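The values are calculated or read from the model by the stated rules, or taken from the named source; none is laboratory data. Every value quoted in this text rests on a predicted model; they were computed, and no experiment measured them. Here Cβ is always computed from backbone atoms with ideal geometry, including for glycine, and neighbour counts include all displayed protein chains. Protein only, heavy atoms only, side chains kept; ligands, DNA and RNA dropped before computing areas. Shrake-Rupley method; radii C 1.70, N 1.55, O 1.52, S 1.80 Å.
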Amino acid sequence: MNAEALSLIDKLSIEHRLSAEEYEFLILNRTADLSKLLAQRACEVRNRIYGNTVFIRGLIEIGNFCKNDCLYCGIRRSNRNCMRYRLTDDEIMDCCHEGYALGFRTFVLQGGEDAQNSDERICALLRRIKAAYPDCAVTLSLGERSYDSYAALRQAGADRYLLRHETAVKSYYEFLHPKEMQFENRVRCLKDLKQLGYQVGCGFMVGAPDQTVRHIASDLVFVQEFQPQMCGIGPFIPHKDTCFAERAAGSAELTCFLLSILRLIKPNILLPATTALGSIASDGRERGILSGANVVMPNLSPSAVRKKYMLYDNKISDGEESAQCIDALKQRMKTIGYEIVTDRGDIKL
Ligand code: SAM
């Protein structure tokens, strides 16, 4: 194995940080053996903190109306083929009810940026969920909002917020997004969320169009500086109705390598083996966990709308991806030595 790469893994394990150039070197010089060693280190570190437990989150995709036009995303505003839907508050409560009975103690409310998701609506919904399930955490993933809006949602009971930074490089952010979306605002949102006491998740796609290893290295430096409680990464997967329909998908292999690096950057980070990873490879979730991830987010949305929240082609939503099939997922995790637990799954400090 490359001696320099080995010494960088040692350095990362001890200091939990590297320079962008060092990350770049590690990524460019990765081999099967190096990835295996990195994954072993990542699993040791995670197991010391979380044992062999895997946290679950019930993902409720509350609607796919979106005012944004992100070039890579299947629910972008300009996709006329997207069949739009919006769950009612009662439908969302039904999802929570079903999820609670299945053992979920975190509900993730995710959706496009929809003006109907006003502070009034989401605050009332949060109060309803928290009153009915006081032992559960609620995570929101509703995009960019104002400081006051995030403050109101936090006050109403939101515990966590997922907002991928998408990329830490401004020029590349501008390549992936229309001009009305600004990198500075994305970062402002993440900082506001942290200041308001949310457990915050950032993240990025792996293998997105024209992404370079230098871009990815910048993402890793961003994570090590920002110190989020969670980080969601998954391979880019093209969607037929977007500008990037013809582009190649990212790889499960590089995603897993990066999961191991992220675990070593922040040993207690909450790291999901994402739906995109499970969509690109049938054993993606298991490979993610074996690379250092410790969270899975099965789909709790009503089955009638699942196919409409199509961020990319062939996104999985049934089988073990479905919350209703949690027993099958438990069995798969057990096969690789891990145990899904009924727990809010907060970060361990
Ligand atoms: N609107 C919210 C937001 O912007 O955070 C939540 C929904 S958004 C669709 C969730 C994430 O899906 C994005 O942060 C993006 O990284 C991911 N995503 C979108 N299109 C994708 C694609 N083609 N391949 C992989 N991931 C994609």
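Accessible area per residue of region 79-214 at 1.4 Å probe, in Å²?
In whole numbers, region 79-214 has 42 Å² accessible per residue.
Roughly how many debye, to the nearest 20, is the charge dipole of region 201-295 about its Cα centre, given +1 on each Lys and Arg Cβ, -1 on each Asp and Glu Cβ, and no other charges?
Here region 201-295 has a charge dipole of around 160 debye.
Over the chain, calculate the relative contact order: mean separation of alpha carbon pairs under 8 Å at least 6 apart, over the residue count, as a percent.
This gives 25 percent for the chain.
May I ask which of Lys36/Lys330; Lys191/Lys240; Lys266/Lys315; Lys67/Lys308; Lys67/Lys307; Lys11/Lys194 have a Cα-Cα span longer than 22 Å here?
Those over the limit are Lys36/Lys330; Lys191/Lys240; Lys266/Lys315; Lys11/Lys194.
Projecting each Cα onto the charge dipole of region 1-128 (Lys/Arg +1, Asp/Glu -1 at the beta carbon, about the Cα centre), which of Ile49, Ile14, Leu26 comes out farthest on the positive side?
The residue sitting farthest along the positive end of the dipole is Ile49.
From the backbone phi of region 254-263, what are the Karplus-calculated ³J(HN,Hα) couplings (6.51 cos²θ - 1.76 cosθ + 1.60, θ = phi - 60°) in whole Hz, Gly and Pro given as x?
Along region 254-263, the couplings run 5, 4, 5, 4, 6, 4, 5, 4, 4, 4 Hz.
Tell me the mean residue ellipticity at 222 nm calculated for the chain from its helices only (DSSP H runs of n ≥ 4, each -39500 (n - 2.57), averaged over every residue, nearest 500).
Rounded to the nearest 500, it is -13000 deg cm²/dmol.
Evaluate the charge dipole of the chain about its Cα centre and quote only its size in Debye, nearest 20, assuming +1 on the Cβ of each Lys and Arg and -1 on the Cβ of each Asp and Glu.
About 260 debye.
Averaging the inverse of every distinct alpha carbon separation and then flipping it gives the Kirkwood radius. What is it for region 279-349, in angstrom units?
13.4 Å
For region 122-196, just say rounded, prolate or oblate: build the C-alpha gyration tensor, square-root its eigenvalues into a ≥ b ≥ c, call rounded for a/c under 1.5, and beyond that prolate if a/b exceeds b/c, oblate if not.
Here region 122-196 falls in the prolate category.
With a Förster radius of 30 Å, plug the Cβ-Cβ distance of Ala132 and Asp343 into 1/(1 + (r/R0)^6) and report the FRET value to the nearest 0.05.
Efficiency for this residue pair is about 0.95.
Distance in nm between label sites at Ala328 and Gln227, each 7 Å beyond Cα in the beta-carbon direction?
4.2 nm
Along Cα→Cβ, 7 Å out, is where each label goes; now give me the distance between the ones at Asp94 and Gln182 in nm to one decimal.
4.2 nm
Considering only protein heavy atoms, what per residue accessible area in square angstrom results for region 281-339 with a 1.4 angstrom probe?
41 Å²
Can you list the residues, at least 5 places off or on another chain, whose amide H is less than 5 Å from the amide H of Thr53, using H built in the peptide plane?
Under 5 Å from the amide H of Thr53: Glu339.
Against the longest principal axis of the chain, how steep is helix 183-195, in degrees 0 to 90 to the nearest 10, with axes from Cα atoms?
For 183-195 against the chain, the angle is about 80 degrees.
Using 0.36 nm per residue of separation minus the Cα-Cα distance, give me the extension gain between Asn268 and Ala124 in nm, one decimal.
Here the segment from Asn268 to Ala124 would lengthen by 48.6 nm.
Show me, bin by bin at 10 Å from 0, the whole-percent P(r) of region 46-93 based on Cα pairs.
21, 30, 22, 21, 6
Quick one: divide the alpha-carbon radius of gyration of region 208-333 by 2.2 N^0.38 Å and tell me what you get.
1.08
Lys/Arg Cβ at +1, Asp/Glu Cβ at -1, dipole of region 79-183 taken about the Cα centre: which of Leu126, Phe104, Ser171 is farthest positive-ward?
Farthest towards the positive end: Ser171.
In nm, what is the difference between 0.36 nm times the number of residues separating Thr335 and Lys240 and their Cα-Cα distance?
30.7 nm
Report the relative contact order of region 157-240, percent, no decimals, based on alpha-carbon pairs under 8 angstrom and at least 6 residues apart.
It rounds to 38 percent for region 157-240.
Output the Kirkwood hydrodynamic radius of region 36-145, Cα pairs only, in Å rounded to one decimal.
16.1 Å
How much of the DSSP beta bridge set in the chain is antiparallel, as a percent to the nearest 5?
If I count the DSSP bridges inside the chain, around 5 percent turn out antiparallel.
Taking the Cα centre of the chain as the origin and placing charges on Cβ (Lys, Arg +1; Asp, Glu -1), which of Gly74, Leu38, Leu300 is farthest toward the positive end of the dipole?
Selected residue: Leu300.
Percent of accessible area on the chain owned by carbon and sulfur, 1.4 Å probe?
52 percent
Assuming R0 = 25 Å, what is the FRET efficiency of Glu21 and Arg48, from their Cβ-Cβ distance, to the nearest 0.05?
The formula returns an efficiency of 0.30 here.
So, R0 is 51 Å and r is the distance between the beta-carbons of Ile14 and Gln155; what FRET efficiency does that work out to, to 0.05?
0.80
Considering only the other residues whose Cβ falls under 11 Å of the Cβ of Asn79, what net charge follows from Lys and Arg at +1 and Asp and Glu at -1?
My count for the surroundings of Asn79 gives +3.
For region 261-349, what's the relative contact order in percent, using C-alpha pairs closer than 8 Å and at least 6 residues apart?
Reported relative contact order: 27 percent.
Using 10 Å bins from zero, what percent of all Cα-Cα pairs in the chain falls into each bin?
P(r) over the chain, rounded to whole percents: 6, 26, 37, 25, 6, 0.
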